[in-house]
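Okay, so here's the structure we're looking at.
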Amino acid sequence: MKALVTGAAGFIGSTLAERLIADGADVVGLDCFTDYYPRPIKERNLASLARHPRFRFVESTVQQADLPGLLSDCTHIFHLAAQAGVRKSWGTDFAVYTVNNIEATQVLLEAACRVRTIERIVYSSSSSVYGDNVSMPMREDALPQPVSPYGVTKLAAEQLCYLYHSNYGVPTVSLRYFTVYGPRQRPDMGFHRFLRATAQGDAITVYGDGEQTRDFTFVHDAVSATVAAALRGVPGRVYNIGGGSRVTINQVFEMIGRVSGKTPRITVDPAQKGDMRHTYADTSLAQADLGFHPSVGLEDGIAAEYEWLSGVL
Ligand SMILES: NC(=O)c1ccc[n+]([C@@H]2O[C@H](COP(=O)([O-])OP(=O)(O)OC[C@H]3O[C@@H](n4cnc5c(N)ncnc54)[C@H](O)[C@@H]3O)[C@@H](O)[C@H]2O)c1
């Protein structure tokens, strides 16, 4: 496999690139170090990859990269570059989301149209496309109605992937990740904030009553699904990737207490616009087509993230 990983300096992208290298692939990582969170964190994500002879890093936006050159003998594209996070996607920041999530995807798909060696393009979509109006567990054929501008941009890019598949035969596969966590998790994400606060003896801010639920996915399980999608995902299809660990945020705090040996202190803020109330993935399609079976239970995964975070604080 000769792979291009966009967003390779990020949380999931760097973990994926390491897995591809371990599996024997040649990997080009592309990332422009957006300022959504600090660059040194992303450089640390890349540290072990940068020393590997089968890994090459290119610092550029997707839009400005020499895509014909990068894709010339590429067999697989993993498109993870995006502006993440639902809460910041309102207001004037929306432009950052349309540029990095929609326009970048369109530019990449246009370039991929012209390359005959491409076997799969795996696009990292999100459970955020569903919104609050679908029945549980969420199925891929439900009508998506995002409740955040971020979700709108992820859905638009997913639709672009489908368009380029149906019109030009580009072999796109989209994965709707459900809240990914584990070592290297972004500093704005819930578990990272909760574990950091607990480790440092600070209060945890929870938005809403804590009875909202999430289907949490350990990063190595998300990465395994992503590799499987590249090898045997059906072009044009969309798959839910959820860890099967659906719990309330209040239950997460109990686990954090057990894992850390400390009692989390909680302060409550109002629920935030753009946050979904519940997520819960029906993963039967990913099981059938990709052989997807998440292997890391939630408390073990939280312990792994806590151990990692303790080492970098
Ligand atoms: N983390 C999750 O729980 C989750 C859930 C659903 C979907 N996703 C999706 O998975 C992908 C990876 O998420 P993450 O949590 O690792 O985020 P991340 O912010 O850690 O990684 C994204 C990377 O993309 C880079 N980037 C952004 N725009 C770019 C552009 N135009 N050109 C080049 N690089 C660019 C950023 O610098 C960053 O390093 C994203 O597409 C995200 O929308 C993540």
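The values are calculated or read from the model by the stated rules, or taken from the named source; none is laboratory data. Note that this is a predicted model, so its numbers are computed, not measured. A quick note on method: Cβ atoms are made from the backbone with ideal geometry, for glycine too, and the neighbour counts reach across all protein chains shown.
Contact annotation: residue pairs with Cβ atoms under 8 Å, 6 or more positions apart or on different chains, pairing a residue in segment 95-117 that is under 10 Å from Thr153 (Cα atoms) with a partner that is assigned to a helix (DSSP H, G or I) and of a type in the set (Lys, Arg), are Asn101/Lys154. Scanning segment 156-176 for residues that are among the hydroxyl-bearing types (Ser, Thr, Tyr) and in a strand (DSSP E or B) yields a count of 2. A single entry from Arg258, Arg196, Arg214 fulfils the requirement of being in contact (Cβ under 8 Å) with a residue 12 or more places away in the chain, among the charged types (D, E, K, R) and part of a strand (DSSP E or B): Arg214.
Taking the criterion of being of a type in the set (Val, Ile, Thr) and either surrounded by fewer than 13 Cβ atoms within 10 Å (Cβ to Cβ) or in contact with a helix residue (DSSP H, G or I) (Cβ under 8 Å, 6 or more places away or on another chain) (or both), the residues of segment 269-307 that qualify are Thr279, Val296, Ile302. Evaluate segment 161-177: report whether one residue or more is charged (D, E, K, R) and surrounded by fewer than 23 Cβ atoms within 10 Å (Cβ to Cβ). No, every residue in segment 161-177 fails to be charged (D, E, K, R) and surrounded by fewer than 23 Cβ atoms within 10 Å (Cβ to Cβ).
Here's the yes/no breakdown for (1) more than 13 Å from the ligand (Cβ to nearest atom); (2) at pLDDT 95 or above; (3) crowded, with 24+ Cβ neighbours inside 10 Å:
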| site | (1), (2), (3) |
| --- | --- |
| Ser60 | no, yes, no |
| Asp73 | yes, no, no |
| Arg87 | yes, no, no |
| Ala95 | no, yes, no |
| Leu109 | yes, yes, no |
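Restricted to segment 40-58, and to residues there that are of a type in the set (Lys, Arg) and within 14 Å of the ligand (Cβ to nearest atom), the residue that is surrounded by the most Cβ atoms within 10 Å (Cβ to Cβ) is Lys42. Residues in segment 5-36 that are over 15 Å from the mean Cα position of the chain (by Cα) and within 11 Å of the ligand (Cβ to nearest atom) were compared, and the one that is surrounded by the most Cβ atoms within 10 Å (Cβ to Cβ) is Gly29. Inspect all residues belonging to segment 40-53 and state whether any of them is touching a strand residue (DSSP E or B) at 6+ places or on another chain (Cβ under 8 Å) and not in a helix (DSSP H, G or I). Checking segment 40-53: not a single residue is touching a strand residue (DSSP E or B) at 6+ places or on another chain (Cβ under 8 Å) and not in a helix (DSSP H, G or I).
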